[in-house]
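A short worksheet on the structure shown next.
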Amino acid sequence: MLSSTVLRASRRRVAATVAALATLVLALAAAPATAATAAPAGAATAATASPDVPATFTVKGAGYGHGVGMPQYGAQAMAVAGRGALTILRKYYTGTNVAWVDAGKDLRVGIFGSGSDARGAVDVVATGPWRLRFVDGRSTPHTTWTGAAGEVLHVTRTGTSVKVTRQSGKSAVATGRVRVEWAGTRYYRSGSSAATTVSLRKAGRKVSATHGTYRHGRLVISVPAAGSPQRLTVVNQLRLNSEYLYGIAEMPSSWHTSALRAQAIVARGYALRAVDAGIKADCDCHLYDDTRSQNFTGWRKESEGTGAYYGKRWVAAVDRTRDGSSGRVVRYKGAIAQTFYFSSSGGQTENSEDIWTSEVPYLRSVDDPWSLKTTISNPWRAWSQTLTQAQASAAFGLPDVVSIAITARTDGGSDAAVTRVRATSSTGATSVLTGAETIRSRLAAGTSPWIHRFVANS
């Protein structure tokens, strides 16, 4: 048995030893690894693990469309607030005026064969009496057929010629153009009072091959120039100032009359400029019937609603902007302006050169609180899109993307159009996309360039 003095001394030595060991452990923990004390290979890898790669990104923004010119929801909000059509147009087309011009021209609208519908066969059917004429470049047609409602004409391309086959099996071939005319138009006065319309169907099927049906003008069917794909082209030839504009389906017919009139004025100017530019070789037309030009659905627009109620509102708005062969257009320094328009802004419109390349003096960025007004129902006031990891990595050309940062915008603050974004991969590599239109198409599903932020989702 130890004495109390020895026991106390022993306890002090033990305590000192424990403290020394603790100090040594702490020192070893703090010391940098050497060859003798290096961690196992797996431990070092875990300490520097790559960031988690998100499965998707949420893209948040506002507006819809390219952003240059008149936002249609902005026009509607201004109209609801009591602004007239001319005030609306002066707001969005800087330094312009609205004037009367001669709009008594015919134009050709490409309705089949120049886009995703590039095919070599189509069926034509009328709801009333019709006439088909084989022209072949002569002053008078060499063959004319007439028929009644419901008969389906099967039209195909045969080499560089157009072949038409009737339900009876009778057929004929034209080396030039084929014209389809129907009752109640200036081209074919058959004595019938029926409001005949004509439609195009996918060959052998009762499915529409075009955006609309057609009441006015006539159809002209031809084969494109040599070297074009094996397809037919069909155009609707009709009067610009009334017949064509009646079929423009770019704005809901239920909207305020001032907004509708503003739309009619810009659509007329857009069409007149296209006629002055001449025929496009790929479609034998001045304008396409879709968003490459203006959305044209013909009689389908005019006959909207019960008793064509909504269609009549649109027709009335067009008529209020025309007088016979004259019509109102937006002009800049005496010339018809290029009146681009789109659905809705994110709080401001954009300069033409910031979205495309050319600076146009009347296509200037202006504040647009109207598109964001809660007094109208606008589904594009704010939006959210999902960008998958595969889409993001493909857009930036990286193996993966862990973050996307907005690094530049057009003038106008945090809600202006995005013009530069930078992506970072899990390896630290970066890639940049520039240009509002490129960013809109690749990262926002074509919605708009007014992107607020990108949010990574695990």
Check: Tally time: how many residues in the range 414-445 are within 25 Å of Asp368 (Cα to Cα) and over 25 Å from the mean Cα position of the chain (by Cα)?
Finding: 0
Note to self: Quick test of your reading of the structure: Ala194 fulfils all but one of (1) under 18 Å from Ser222 (Cβ atoms); (2) surrounded by fewer than 21 Cβ atoms within 10 Å (Cβ to Cβ); (3) among the aliphatic types (A, V, I, L, M). Name the failing condition by number.
What the structure shows: (1)
Note to self: Being within 15 Å of Glu181 (Cα to Cα) and β-branched (Val, Ile, Thr) narrows it down to one residue among Thr160, Thr165, Thr127; which is it?
What the structure shows: Thr127
Check: Looking at (1) under 17 Å from Ile111 (Cβ atoms); (2) in contact (Cβ under 8 Å) with a residue 60 or more places away in the chain; (3) out of contact with any Pro (no Cβ under 9 Å at 6 or more places or on another chain), which is the one condition that is false for Arg218?
Finding: (2)
Next item on the list: Name, by its number, the condition in (1) within 27 Å of Val98 (Cβ to Cβ); (2) surrounded by fewer than 19 Cβ atoms within 10 Å (Cβ to Cβ) that does not hold for Thr386.
Entry: (1)
Checklist line | Residues that are under 20 Å from the mean Cα position of the chain (by Cα), assigned to a loop (DSSP other than H, G, I, E, B) and without any contact (Cβ under 8 Å) to a residue 12 or more places away in the chain, drawn from the range 325-357 | finding: Thr357
Next item on the list: Please specify each residue of the range 435-447 satisfying the condition of being touching a residue at least 24 places away in the same chain (Cβ under 8 Å) and in contact with a Ser or Thr (Cβ under 8 Å, 6 or more places away or on another chain).
Entry: Ala436, Arg440
Next item on the list: Take Ser228 and decide whether it is surrounded by 19 or more Cβ atoms within 10 Å (Cβ to Cβ) and in contact (Cβ under 8 Å) with a residue 24 or more places away in the chain.
Entry: no
Next item on the list: Inspect all residues belonging to the range 149-163 and state whether any of them is of a type in the set (Lys, Arg), in the same structural domain as Ser114 (by TED's automatic domain parsing) and farther than 22 Å from Val109 by Cα.
Entry: no
Note to self: List the strands (runs of 3 or more DSSP E) inside the range 386-458, counting only whole elements, that have at least 1 residues being touching a strand residue (DSSP E or B) at 6+ places or on another chain (Cβ under 8 Å) and charged (D, E, K, R).
What the structure shows: 403-409, 418-424, 451-457
Next item on the list: Considering only the range 229-285, state which residues are among the basic types (Lys, Arg) and either touching a Cys at 6+ places or on another chain (Cβ under 7 Å) or farther than 27 Å from Pro71 by Cβ (or both).
Entry: Arg231, Arg239, Lys280
Next item on the list: Looking for whichever is hydroxyl-bearing (Ser, Thr, Tyr), in the same structural domain as Ser293 (by TED's automatic domain parsing), over 28 Å from Asp282 (Cβ atoms) and in a loop (DSSP other than H, G, I, E, B) here; the options are Ser168, Ser116. Which one fits?
Entry: Ser168
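The values are calculated or read from the model by the stated rules, or taken from the named source; none is laboratory data. Quick caveat, the model's predicted, so the values are computed rather than measured. When we count neighbours, we look across all protein chains shown, and the Cβ atoms used for this are built from the backbone with ideal geometry, even at glycine.
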